[in-house]
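The numbers here are math on the coordinates, done by the rules we state, and not lab data. Predicted model, so just to flag it, every value in this text is computed and none were measured. Positions of Cβ are backbone-derived with ideal geometry, glycine not excepted, and every protein chain shown enters the neighbour counts.
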Amino acid sequence: LRDLEPGRYSLDLDGVRYRVAVERHNATRFYLLYDQTHIKLRQRYFAWLLAGGTVFMALLSAIGGVWLAGRVIAPVTALAGRVRALDPDDLDTGLADDFSQDEVGELARAVEAYRARLRAFIERERVFTADVSHELRTPLTVISGAVEVLLGDPQLQDMQRARLARIDRAVHDMTEISAALLILAREQRTAGPRAAPCGGAEV
């Protein structure tokens, strides 16, 4: 220390880190040594405390975020479960009344409105299909009867008979199509015997 000029220094003395201040007052020199070991230990303690606090706050934030996300998503999950469990034939079940007046409630009302529109569209299509099939049966019956009478005429030529046979086949196909439309319109859901594939026998 005797060789140090006035000022401030950091020195290692006997394995200990010191801060050294040297001052000159008249002909006397003063030396002040401060052991930095406690400061280093305190800095290390605060570093570990900061790291532990950061990890703890990160875990707490993650747990809080998961909990909050569950609380926020719970109404949406409930709405999805309700929509998934809806029966197409259950027309009286409402959704909007079971949810609050927030974004989820608005979504439930939108789903209910879309369901009502879809139900009305299906009903209109069903009525239209039934009406069309019924209206087709009368002219098809008339055409079929007229073709049958004409085919019974012995004076018909072969070409005329062939043309009438084509008309008869077309009328038969249209009759089957109208019958299929009637079945679709009625949406029969009877639990009868299961039919075999086309061309096969009933099982």
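Between the beta carbons of Ile39 and Ala74, assuming R0 = 45 Å, the FRET efficiency works out to 0.30 to the nearest 0.05. What does the net charge come to around Arg117 if you take all other residues with beta carbon closer than 14 Å to its beta carbon, with K and R at +1 and D and E at -1? Taking every other residue near Arg117 into account, the sum is +1. Relative to the Cα centre, the charge distribution of region 5-144, modelled as +1 at Lys and Arg Cβ and -1 at Asp and Glu Cβ, gives a dipole magnitude of about 1200 debye. For region 1-34, run through the trypsin sites (Lys or Arg not before Pro) and keep only the ones in DSSP coil with at most 11 other Cβ atoms within 10 Å of their Cβ. Listed in order of number, the matching sites are Arg2. Residues whose amide H lies under 5 Å from that of Leu86, counting only those 5 or more places away or on a different chain, are absent; hydrogens are built 1.01 Å from N in the peptide plane.
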